[in-house]
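Report on the following structure.
The values are calculated or read from the model by the stated rules, or taken from the named source; none is laboratory data. Note that the structure is a prediction, hence the values are computed from the model and not measured. Don't worry about glycine lacking a Cβ; one is built from the backbone with ideal geometry, like all the others, and counts go over all protein chains shown. With ligands, DNA and RNA removed, areas are computed over all heavy atoms of the protein, side chains included. Shrake-Rupley method; radii C 1.70, N 1.55, O 1.52, S 1.80 Å.
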Amino acid sequence: MTSVTMAPEAPAAAGSRLARLHPLTQLGIVGLLALAALLFEWPVGVAVAVVSFVLAAAAGRAAAFFRVWWKTILVLCLIILVLQTFFIPGETVVAELGPLRATQEGLDKGIGFAGRVAGIGSAVLLLTVILDVHRLVLALEQRGVNPRVTYVILATVNIIPEMRKRMTVIMDAQRSRGIETDADVWVRARAFIPTIGPLILTSIVSVEEKALTLESRGFSIRGPRTSLESLDDPAGERALRKALIVIAVLVVVGGVLQWVL
Amino acid sequence: MSRFIESIKKDFTLMAILLIPMAVALNFVGGSLALALKLPLYLDSIGTFLVAMLAGPWVGAVTGALSLLVVSATDPTSLPWTMLAAFMGAVVGIMARRGMFTRWWKIIVSILIVVLASVLAVVAIRYIVFGGFSSHVSSVIAAAMIAAGSPFWLAQMVSSFLLELPDKTLTVLVVVFVIRAMSERYLLKFSNGRVFVDARRAAKLRAGKGADAAAAARSGEPAVASGPTTTDASTESR
């Protein structure tokens, strides 16, 4: 369950042009893809999914992309397709399977939803395999976003692995004291409280300690800050982002026209 | 308008900001613990509810949304549930600010409201985004009910209610117990802390008054002396 975005070495491992793009450019590309999948019919969604896969492959992250893709997006799309086909009532019956009847109306609806889900989901997945949260936070700070906001983003990404480790320790400790974690559902439910309880309490205590530490290092001070890292934003990319915004506007207009006409 | 923004900013105290990442991690770990114990519950909003009760609807909504964004990094199909998590954070935060999590009968009413809000939001999002069925267990239940001849919307409501009721009940109870265990000094560092501290003092006074009344009943005299002190204490603590 280790996410790619949470590994700081992710972009270095990729090293491709796509992964080295400015984080805001990456966000813009993915946003445009998702927008197109949202506003147009299912063929565009499928096309967006294909483009996302190709871009992920170009970034050298095809394996990471596909591993998550089939387990989440493909499975969900198949479920949507099957359940819609069999459980949406309609006039035209395509096939019969015991008491269940597959209808053309359900199939059409299922394809529509599955195409959108595949498109938007794949675009988001592309973002998770190419975006490095540390670089994104840096880009946001350079644009004058409040350091409290960037702290929350960065701390969240850093705390989760730490907390998972703590949970494993607590679970092992409680198991060694004789708590049942593999018995029937009631016993397992009762194991939840003694595991999550200590975790909540230790995190609450550590929040106060963190507050003291950050205050003593000038966290709430006003004024400009300097960063240890730097982030390139070449003119070409700034132009690209402007182009992306123009295309996005065109996509929205096109999408709306398509609904109206 | 600017006063409105100021009132939101006031909720984001340093402690609240530091609690947000912790709460997101708690959600994440709670959810994966429920999976590891193979429980038929989500239990992935303990952190959101904790923050919402302590720091109000805005911080609660941010925590909920951020939690689902983190989950979406490993499962992109979770992205639409960001809206649900933010909405639930806001609902719990609003109720907490009105003192709905301070006494047992209020807590029971609150749990019902939370479950109801959650069911409606789940059904709405699932219908708008996925057409009514997603890859969750409750969709299988809904499909089975529809196959058995139940109307579409009834099946959707009942199937998510079956999962939301135990899940949200347990979540709210865990958070209420955690807040009861917090010291007043700690509670007061959050914008909603005052609500819980006042309720705690009021409960203490009620208990004291009850004891006085009992003692007075035993000695055969009416309990008057505790009256004025009660009002003094409650006005002072506002």
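Numbers below:
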quantity: Total lysine pairs under 22 Å (Cα atoms) in the protein assembly as shown, excluding pairs fewer than 8 apart on one chain; calculated: 13
quantity: Most to least packed among B:59-71, B:168-180, A:92-104 [average Cβ atoms within 10 Å]; calculated: B:59-71, B:168-180, A:92-104
quantity: Ratio of the Cα radius of gyration of chain A to 2.2 N^0.38 Å, where N counts its residues; calculated: 1.30
quantity: Values of log10 I(q)/I(0), in the order q = 0.07, 0.12, 0.13 Å⁻¹, for the protein assembly as shown under a Debye, Cα-only, solvent-free model; calculated: -0.46, -1.23, -1.39
quantity: Ellipsoid equivalent to chain B - semi-axes via the Cα gyration tensor, in Å; calculated: 39, 22, 15
quantity: Mean accessible surface per residue for the range A:27-145, computed with a 1.4 Å probe while every protein chain stays in place, in Å²; calculated: 45 Å²
quantity: Surface share of carbon and sulfur [accessible, 1.4 angstrom probe, percent] for the range A:55-209; calculated: 65 percent
quantity: Accessible area (Å², per residue) of the range B:34-159, counting only protein heavy atoms and a probe of 1.4 Å; calculated: 37 Å²
quantity: Heavy-atom accessible surface that B and A bury in contact, both chains counted, 1.4 Å, Å² to 100; calculated: 4900 Å²
quantity: Alpha carbon centroid spacing (whole Å) that separates the range A:130-145 from the range A:30-50; calculated: 26 Å
quantity: Chain B - mean residue ellipticity at 222 nm from DSSP helices (-39,500 (n - 2.57) per run, n ≥ 4, rounded to 500); calculated: -26500 deg cm²/dmol
quantity: Percent accessible area from carbon and sulfur atoms, chain B, protein chains only, probe 1.4 Å; calculated: 71 percent
quantity: Sequence ranges A:22-34, B:117-129, A:220-232, ranked by mean other-Cβ count within 10 angstrom, highest first; calculated: A:22-34, B:117-129, A:220-232
quantity: Positive dipole terminus of chain A, leading residue within A:26, A:50, A:260 (C-beta point charges); calculated: A:26
quantity: Net charge dipole size for the range A:101-186 [Lys, Arg +1 and Asp, Glu -1 on Cβ; Debye, nearest 20]; calculated: 260 debye
quantity: Under 14 Å, Cβ to Cβ, from residue A:197 - net charge with Lys/Arg +1 and Asp/Glu -1; calculated: +4
quantity: Highest average packing first - A:147-158, A:128-139, B:198-209, Cβ atoms within 10 Å; calculated: A:128-139, A:147-158, B:198-209
quantity: Assigned charges on the beta-carbon of Lys, Arg, Asp, Glu; chain A dipole about Cα centre (debye); calculated: 560 debye
quantity: Cα-based shape type of the range B:93-224, given that a ≥ b ≥ c are square roots of the gyration tensor eigenvalues and the cut on a/c is 1.5; calculated: prolate
quantity: Contact order normalised by residue count of chain B, Cα under 8 Å, 6+ apart, percent; calculated: 19 percent
quantity: Dipole magnitude of the protein assembly as shown about its Cα centre (Cβ charges: Lys, Arg +1; Asp, Glu -1), debye to nearest 20; calculated: 1120 debye
quantity: Mean Cα-pair separation over length for the range A:135-261, i.e. relative contact order, pairs under 8 Å, 6 or more apart, %; calculated: 23 percent
